[in-house]
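Working notes, structure below.
The values are calculated or read from the model by the stated rules, or taken from the named source; none is laboratory data. Just so you know, these numbers come straight off a predicted model, no measurement behind them. Note: ideal-geometry Cβ built from the backbone for every residue, glycine included; neighbour counts use all protein chains shown.
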Amino acid sequence: MAAIELRSDTMTRPTPAMRRAMAAAEVGDDVFGEDPTVNRLEEMAAGLLGKEAALFVTSGTQANLVAILAHCGRGEEMILGDRAHSFFFEQGGSAAVAAVHPRTVKNLPDGTLDPAALEEAIRPENIHFPRTALICLENTHNLCGGAPLAPDYVASVAAIARRHGVRLHVDGARLFNAAVALGVPAAELAQPADSVSFCLSKGLGAPAGSLLCGERLFIARARRARKLLGGGMRQAGVLAAAGIVALEEMVERLALDHENASRLAHGLAAIEGLALDPRAVRTNIVYFDVVKPGLTAAALVAALGREGVRLLATGPRTLRAVTHYEVTARDIETALSATARILEHRGPPA
Ligand SMILES: *Cc1c(COP(=O)(O)O)cnc(C)c1O
């Protein structure tokens, strides 16, 4: 029996259509700008997000770092949420590589930053201060339960940024999950921002790659930054071909992943010994807590693993499950009954 893989939507393998497109891809040297498949993917991405241009990069982490390098100078500051992926999970690349000082503002549970707190964090002109160059939002917000940020919220942050001459980058690793959950075009979520990145390699199912979108001059700087980071990939069309299929065939079906996540969340909430608010699950990420005495997240992950259900422990009592195209509604039922069985049989320690 194949495992039910709920650890991450990055576990998705390329679809048969992607494999075919990869095998047949027309390619050239992308560092010379001569890979027609990469060029087509970049045009497609820019069009979908309503931006002038786009750049195919190796990963979401590289997209964020390239954006930081293209927006900021050495010693400048960027403001981001204290639960931002960029702050938590990218090895401090802004500081380590770009010499950009990260300043955090508390993330609210819905993934937003309080606009007043954000505005207060922007530095006034003073010889002692670094200059604030960039604000980063995350949509959907991974550590805030996959929360989608609404277009009017993004626009309100963009208005603050503009008022202070600061740029706005949106880490939209799961931007299409946000668009589908909110029922708005991705371009509407991208419109207020100076740059937006999104991943092909998560729920969209492609094997690798992200896109960074923005104005033509910004993308030209980003292209230089990508080369600096070693991200010039030559015949990258074999990867871009899968990305094109991802954008053509894998976006609308994300609604199914959101339904499955919601079903999972409601089922978990009904199991005694687990705690979560299923109404907070808007996209494909479900976080929940183990509150049964004597049971840890790691022990529950191990027990589920023996039943062929793979989840991630993200804290001593917290677990994460992420739905994607390789997880069916029936898999959700299987995962729920396995979880219920384990919690029933697992008493407090003797
Ligand atoms: C996954 C993720 C990234 C990084 O993407 P990689 O391709 O894993 O480097 C960045 N931001 C968010 C919000 C993510 O979820």
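Within the bounds of region 76-85, is there any residue that is assigned to a helix (DSSP H, G or I), free of Cβ contacts under 8 Å to residues at least 40 places away in the same chain and either in contact with a strand residue (DSSP E or B) (Cβ under 7 Å, 6 or more places away or on another chain) or more than 30 Å from ARG7 (Cα to Cα) (or both)?
Residues of region 76-85 assigned to a helix (DSSP H, G or I): 85.
Retained after the next criterion (residues that are free of Cβ contacts under 8 Å to residues at least 40 places away in the same chain): none.
Among the residues of region 76-85, not one is assigned to a helix (DSSP H, G or I), free of Cβ contacts under 8 Å to residues at least 40 places away in the same chain and either in contact with a strand residue (DSSP E or B) (Cβ under 7 Å, 6 or more places away or on another chain) or more than 30 Å from ARG7 (Cα to Cα) (or both), which makes the answer no.
Going by what's in this entry, would LEU137 be described as closer than 15 Å to LEU182 by Cβ, of a type in the set (A, V, I, L, M, F, W, C) and buried (at least 20 other Cβ atoms within 10 Å of the Cβ)? Show your work before the answer.
On the way: closer than 15 Å to LEU182 by Cβ: yes; of a type in the set (A, V, I, L, M, F, W, C): yes; buried (at least 20 other Cβ atoms within 10 Å of the Cβ): yes.
When the stated conditions are applied, LEU137 passes them.
Answer with yes or no whether THR104 is modelled with pLDDT of 95 or more, over 18 Å from VAL196 (Cα atoms), hydroxyl-bearing (Ser, Thr, Tyr) and surrounded by fewer than 19 Cβ atoms within 10 Å (Cβ to Cβ).
Values: modelled with pLDDT of 95 or more: yes; over 18 Å from VAL196 (Cα atoms): yes; hydroxyl-bearing (Ser, Thr, Tyr): yes; surrounded by fewer than 19 Cβ atoms within 10 Å (Cβ to Cβ): yes.
When the stated conditions are applied, THR104 passes them.
Just to verify a result, which residue in region 208-222, among those that are within 11 Å of the ligand (Cβ to nearest atom) and not aliphatic (A, V, I, L, M), is surrounded by the fewest Cβ atoms within 10 Å (Cβ to Cβ)?
GLY209
Within region 63-93, which residues are under 19 Å from GLU120 (Cα atoms) and more than 16 Å from the chain's Cα centre (by Cα)?
So in region 63-93, the residues under 19 Å from GLU120 (Cα atoms) come out as 76-84.
Residues satisfying the conditions are GLU76, GLU77, MET78, ILE79.
Select from region 58-95 the residues that are of a type outside the set (S, T, N, Q) and within 9 Å of the ligand (Cβ to nearest atom) and write down the one among them that is nearest to GLU252 (Cα to Cα).
Here is the first cut: in region 58-95, the ones of a type outside the set (S, T, N, Q) are 60, 63, 65-85, 87-90, 92-93, 95.
Retained after the next criterion (residues that are within 9 Å of the ligand (Cβ to nearest atom)): 60, 63, 84-85, 89-90.
Values: GLY60: 21, ALA63: 23, ALA84: 26, HIS85: 25, PHE89: 28, GLU90: 29 Å.
Taking the candidates together, the pick is GLY60.
So, THR37, is that one in the same structural domain as GLY243 (by TED's automatic domain parsing), among the hydroxyl-bearing types (Ser, Thr, Tyr) and within 25 Å of PRO185 (Cβ to Cβ) or not?
Details: in the same structural domain as GLY243 (by TED's automatic domain parsing): yes; among the hydroxyl-bearing types (Ser, Thr, Tyr): yes; within 25 Å of PRO185 (Cβ to Cβ): yes.
Yes; evaluated as a whole, the condition is true for this residue.
So which helices (runs of 4 or more DSSP H) are wholly in region 119-194 and hold at least 2 residues that are of a type in the set (Lys, Arg), more than 15 Å from the ligand (Cβ to nearest atom) and under 23 Å from ALA70 (Cβ atoms)? Reasoning before the result, please.
Working: elements: 151-163, 175-182, 186-190.
Helices (runs of 4 or more DSSP H) meeting the threshold: 151-163.
Kindly list, by first and then second residue, each pair from a residue in region 154-183 that is more than 19 Å from GLU77 (Cα to Cα) to a residue that is of a type in the set (Lys, Arg) and crowded, with 24+ Cβ neighbours inside 10 Å, limited to pairs with Cβ atoms under 7 Å and residues at least 6 apart or on different chains.
As it stands, the answer is ALA173/LYS202; ARG174/LYS202, since those pairs meet every condition given.
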